[in-house]
């Protein structure tokens, strides 16, 4: 989704914005304590860095979530599915409920120091609100950029979503391994 | 009296609204009636409206296993590619909107605030709201209902049922396919015929699962501090996987 634009400013970047959010982090902290909560955050970040490699980078930390940026939408979706698979493996094996919700939108944003801002960043932030723990939800703009050949990514249609502050509906899909 | 529209064969209905109650009623009729009459109604040739054919592409790649286990998908080579389906789109910025459509119609609703109520028997149902409760009578196919804050009630789902509320109660009275439900703060009540897996994630709310037929679940309960009470004989008919931070689980049989 894009707002009305003229010539792209020099600090404009095109890419996939990924938001992660740990579900139940507050309750986990209450039950297990601050140290365990810090460890949970560290595990999330470590696993994401490991899977993401050079394909993307962490823009910033957002409480119990992260904002990531990928140049390539396909890599963003593929890495996010890999994050979830690793989170699930760790959650099942240990007492560490890494129930992470992930939302992705592809579009334009403006660099502001190490941060990125813009309408498309806001759309990505709204998408993660609708995700269930363990899900990767993507906008149609993201799904449309995932090339068919050579990937094992599939999509299930979730439907249109209206979002606060976003004037047009956004078609949402669930990304899955095909 | 609202405005009336022809609904092409295989068409589905999409309702989009920023605020206000949405009521969609499936009944014995062949056309669609929209009330009040001044809502924007448009027939679109494909699901996305602006990128013809993308749903076709996505659907072919995204056809999932009917049993519904997430991540395990089966795509049959002899299944023909699905054609883009026409969509009758009803748009409303604010105020209530009421739509009457033929029984068995596939419906999707996107809303920001306001109650969404689907009355009657539908095909598949997809509803998302930011704040506002969701109520679905009967879907013969799959249901996907999700909201950020608000409760979700589904009376009967003949296919796979996915329900997610960040803060709100989730209640599914009967599901015949697989079921996936999650809440952050809020309880889950679910009745299953035991023909598909059931997976629940709650942070602090309680889960109550009722097995509606003579089936024996393989129960796996993982919780940091919650307790499980299972009054149903366990077996291997279907998987019941429940995870919580502090919520409890109660399983009962028919």
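Computed from the coordinates by the stated procedures, all read-outs in this text should not be read as laboratory data. Note that the coordinates shown come from a computational prediction; the quantities given were computed from them, not determined experimentally. In this analysis, Cβ positions are derived from the backbone assuming ideal geometry, glycine residues included, and neighbour counts consider all displayed protein chains.
Note on residue B:220/residue A:151: beta-carbon distance plugged into 1/(1 + (r/R0)^6) with R0 of 35 Å gives a FRET efficiency of 0.65. Per residue of peptide B:13-22, the mean number of Cβ atoms on other chains within 10 Å of the residue Cβ is 2.
The mean number of partner chain beta-carbon atoms within 10 angstrom of a residue's beta-carbon across peptide A:132-142 is 4. Computed packing ranks the peptides A:122-129, B:177-184, A:108-115 as B:177-184, A:122-129, A:108-115, most packed first, by mean other Cβ atoms within 10 Å. Considering segment B:164-246 at the alpha-carbon level, its Rg and Dmax are found to be 11.7, 33 Å. With each label modelled as a point 7 angstrom along the Cα→C-beta vector, the residue B:228-residue A:36 pair spans 1.8 nm. Bridges between two residues of chain B, per DSSP, are antiparallel at a rate of about 10%. Bridges between two residues of segment A:11-177, per DSSP, are antiparallel at a rate of about 95%.
Would you mind getting me the FRET efficiency between residue A:93 and residue A:62? Use the beta-carbon distance for r and R0 = 25 Å, nearest 0.05. E between residue A:93 and residue A:62, to the nearest 0.05, is 0.40. With springs only between Cα atoms under 10 Å apart, run a GNM on chain A and tell me which of A:163, A:52, A:67 wobbles the most. Looking only at A:163, A:52, A:67, the largest GNM fluctuation is found for A:163. Taking only the alpha carbons of the protein assembly as shown, we obtain Rg and Dmax values of 21.1, 67 Å in that order. Helical content of chain B, expressed as a calculated mean residue ellipticity at 222 nm, amounts to -1000 deg cm²/dmol (DSSP H runs of 4 or more residues, -39,500 (n - 2.57) each, divided by residue number, nearest 500). The order of B:230, B:147, going from fewest to most other C-beta atoms within 10 Å of their C-beta, is B:230, B:147. Shielding value for B:122-130 is 4, the average number of Cβ atoms from other chains within 10 Å of each residue's Cβ.
Assuming R0 = 41 Å, can you tell me the calculated FRET efficiency for the pair residue B:10 and residue B:254, based on Cβ-Cβ distance, to the nearest 0.05? For residue B:10 and residue B:254, the calculated efficiency is 0.65. Taking label positions 7 Å along the Cα-Cβ direction at both residue A:54 and residue B:21, the computed distance is 5.9 nm, reported to one decimal.
By DSSP, the beta bridges lying fully in the protein assembly as shown are antiparallel in about 35 percent of cases. Each of residue A:114 and residue B:237 was given a label point 7 Å from its Cα along the Cα-to-Cβ line. The distance between the two points is 5.6 nm. The radius of gyration of the Cα set in segment A:11-177, together with its Dmax, comes out at 15.3, 46 angstrom.
Extension gain, residue B:131 to residue B:212: 0.36 nm times the residue separation minus the Cα-Cα distance gives 26.1 nm.
Along its first, second and third principal axes, ordered by size, chain B spans 53, 44, 31 Å in Cα coordinates.
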